[in-house]
Amino acid sequence: MNPSVDRVRDALAELIKAALVSDDHRSLAFRREAAARIAVLAADPPEAADIRIDGAWTLAVRAAEAPALQPEEGRVSLTLPQASPFTLEDLTRAGFDVDGAVERIRKSASTG
């Protein structure tokens with residue numbers, strides 16, 4: 001796979017995990033990991049032509065919904081949107097708000 005897509009997918013997956021888990025301490029750990037990955041992206045942004053953000057989002061959703069994490073996913077029952085709620089520019093913009101992004105993911109989901 002494309003290493004740039006992997007980097008974006010991994011950052012998005014951490015945001016999704018933070019939105020899904022019900023344990024506040026685990027959510028904070030995922031938020032911190034997301035912030036670290038996003039800082040790396042912002043410091044060395046991938047070329048926009050190399051990234052299909054909705055494809056990276058789909059891969060991130062699959063990674064975040066891995067069976068190993070399902071017991072922790074209890075904050076809300078989510079059906080995540082098919083399209084990414086973020087652009088590549090959003091993710092690489094200085095001062096990206098991780099907490100706001102996690103809330104945006106929660107709000108953009110259909111709840112069951």
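Data overview
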read-out	value
In nm, spacing of pseudo-spin labels at E47 and R104 (7 Å Cα→C-beta vector)	2.6
Which of S22, S4, S84 has the fewest Cβ neighbours within 10 Å, and the rest in rising order	S22, S4, S84
The stretch 27-69 and the stretch 83-112: distance between their alpha carbon centers, rounded to Å	11
Amide hydrogen neighbours beyond the local backbone of R52, cut-off 5 Å, H modeled	none
5 Å binning of all Cα-Cα separations within the chain, expressed as whole percents from 0 upward	2, 13, 25, 27, 19, 10, 4, 0
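No lab work stands behind these numbers, since they all come straight from the coordinates. Since this is a predicted model, take the numbers as computed values, not measurements. We place every Cβ from the backbone using ideal geometry, glycine too, and count neighbours over all the protein chains shown.
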